1. What is the Å³ per residue value for the convex hull set by the Cα atoms of the chain?
2. Taking only DSSP H segments of four or more residues, each worth -39500 (n - 2.57), what value at 222 nm results for the chain once the sum is divided by all its residues, to the nearest 500 deg cm²/dmol?
3. At R0 = 45 Å, how high is the FRET efficiency between residue 62 and residue 286 if r is their beta carbon distance? Nearest 0.05 is fine.
4. Can you tell which of 376, 226, 322 lies farthest toward the positive end of the dipole of the chain, using +1 and -1 charges on the Cβ of basic and acidic side chains (Lys, Arg; Asp, Glu)?
5. First measure r as the distance between the Cβ atoms of residue 218 and residue 273, then evaluate 1/(1 + (r/R0)^6) with R0 = 22 Å and state the FRET efficiency to the nearest 0.05.
6. Restricting the count to DSSP beta bridges whose residues both fall in the chain, what percent are antiparallel, rounded to a multiple of 5?
7. How far apart, in nm, are the 7 Å Cα→Cβ label points at residue 305 and residue 197?
8. Report the label-to-label distance for residue 433 and residue 350 in nanometres (one decimal), using points 7 Å from each Cα along the Cα→Cβ vector.
Amino acid sequence: MTETQLSTIWKLVLKELELSISGTVFKTWFKKSSLLSLKPGFAEIGVENNFAKNAIKKYAEERLVGALSKQAGFPVTSISYIIQEVKTATQQDTSTLTLEATITPTSTVPVFQLNSKEAPVQSNLNPRYTFSTFIVGNRNRLAYAAAKAVSERPGIAYNPLYLYGGVGLGKTHLMQAVGNEIISHEPQKRVLYVSCENFTNEFVYHLQKGKIDDFKKKYRTIDVFLIDDIQFIAGKAGSQEEFFHTFNALYQTNRQIILTSDKVPSEIPNLEERLSSRFAQGMIADMQLPDLETRQAILLAKCQEKGIGLPDETLLFIAERVETNIRELEGALTTVLMHLEANQLPATLDSVQQALRSFHTSQKPLKKTSIEQICSIVCEYYNVELKDIQGPHRQKELVKPRQIIMYLLKNELGLTFPAIGRQIGGRDHTTAMHSVEKIEKEMKKSTELLEELKRIKELFYVSSTK
Ligand code: ADP
Ligand code: MG
């Protein structure tokens with residue numbers, strides 16, 4: 001890869017990370033950072049000093065791995081950090097020492113390498129998603145038990161296993177835990193994890209290139225097939241047809257299939273009957289938001305993983321405040337830890353409360369985005385004209401993008417409801433308010449909408465780096 005390519009990828013990665021890490025913290029860690037090399041499975045990052053290295057490793061590595069894989073177009077699982085500047089200030093040396101001391105000895109790197117080298121196919125599994133890091137509570141016990149059984153007797157216990165539940169509740173984690181467990185006992189097993197979106201993209205790509213036989217061969221010869229967020233196959237007739245045959249080929253030869261979704265099979269709209277009935281013929285298990293105690297236990301486990309101790313009352317506080325899902329719970333914990341570290345604060349209830357407040361505000365602004373940019377990106381995304389959005393018509397095709405623009409004007413730019421109403425064709429402030437509420441409510445139910453919003457936000461930062 002050329003230097004220019006590396007630098008372009010790095011810019012996009014930083015733009016993405018900047019969205020989830022508060023401003024000053026981000027600048028301290030990623031100042032003078034660069035991407036030195038990149039190949040499947042592995043990246044080398046140049047960082048300014050040891051402090052940055054340790055902080056990134058501890059708090060941002062997972063997001064870094066995700067963003068790098070996305071921009072590179074192949075999975076990156078292991079990162080090595082190269083310190084590029086020799087430190088001058090002695091003060092930095094001492095902070096380095098104290099930080100080193102708190103790092104847990106179990107580095108994740110060897111695990112990553114072991115899996116990617118030994119597995120006969122690129123399994124795409126995240127080695128962090130195991131049964132041992134999965135906390136079981138009342139609301140996910142059934143799913144856990146089913147997954148455990150499948151990992152012990154793949155292809156026999158429950159086939160297919162269908163896990164469903166809202167976003168961020170551990171479906172991907174549990175599904176991959178089965179894959180990791182199987183590979184750990186039988187490394188020769190061909191386990192393949194794929195998001196439904198990648199499956200359909202890959203299908204279309206192979207079709208266009210006239211290489212559909214390669215695609216069939218790849219998917220019909222695996223032992224354990226993990227397909228994530230299957231609801232996204234809705235409405236895609238060609239992919240459904242292909243998936244149906246893949247499913248049958250695997251099922252008939254007792255290969256294990258695990259699917260996840262945000263809904264039960266019969267509720268996925270535009271899904272062929274023959275598929276939904278097959279999805280339902282094994283075991284269906286739901287996953288729900290864990291209760292307060294389990295959320296607290298999850299936080300405790302995450303702290304232990306990072307080798308950090310926080311007082312119980314602070315964990316309880318965070319667990320009480322975050323009632324949406326576990327992904328957000330983790331996000332809140334990370335932000336709290338980053339805030340405490342960046343500002344050298346003790347872990348008291350007070351400082352944690354303060355940190356959590358800054359979490360909610362630091363997530364929001366996208367400084368460089370303007371009103372015009374939001375409008376034009378959303379219009380382009382949904383293929384509608386701005387004048388129609390501002391106009392009076394209420395067709396479904398217009399209402400959704402209109403509401404999304406209003407939501408983004410509120411959340412990204414902090415515009416008032418009257419100002420939003422004025423921007424969108426002189427509408428009343430109550431209309432703006434209802435639109436924003438509508439989207440917020442919808443976001444809680446629809447992973448598809450969350451996905452769309454994520455895409456749209458990605459377009460913001462791509463367009464602001466141009
Ligand atoms: P989903 O696929 O349902 O959207 P994920 O599996 O991606 O959710 O989970 C979101 C995050 O929450 C992941 O980092 C995962 O490790 C964590 N998580 C979810 N459930 C649990 C659990 N029961 N114990 C520990 N961590 C969990
Ligand atoms: Mg998932």
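What follows draws every value from the coordinates through simple rules; no lab data is involved. Not measured: the values here are computed from a predicted model. Cβ coordinates were reconstructed from backbone atoms using ideal geometry, including for glycine residues, and neighbour counts include every protein chain displayed.
1. Working: hull volume 75.0 nm³, N = 466.
It is 161 Å³ per residue.
2. Estimated from H runs of four or more residues: -18000 deg cm²/dmol.
3. Numbers: r = 26 Å, r/R0 = 0.58.
The formula returns an efficiency of 0.95 here.
4. 376
5. Values: r = 27 Å, r/R0 = 1.22.
The value I calculate is 0.25.
6. Values: 5 of 30 bridges.
So the antiparallel bridges in the chain amount to around 15 percent.
7. Each label point lies 7 Å from its Cα, and together they span 2.2 nm.
8. So the label points at residue 433 and residue 350 sit 3.7 nm apart.
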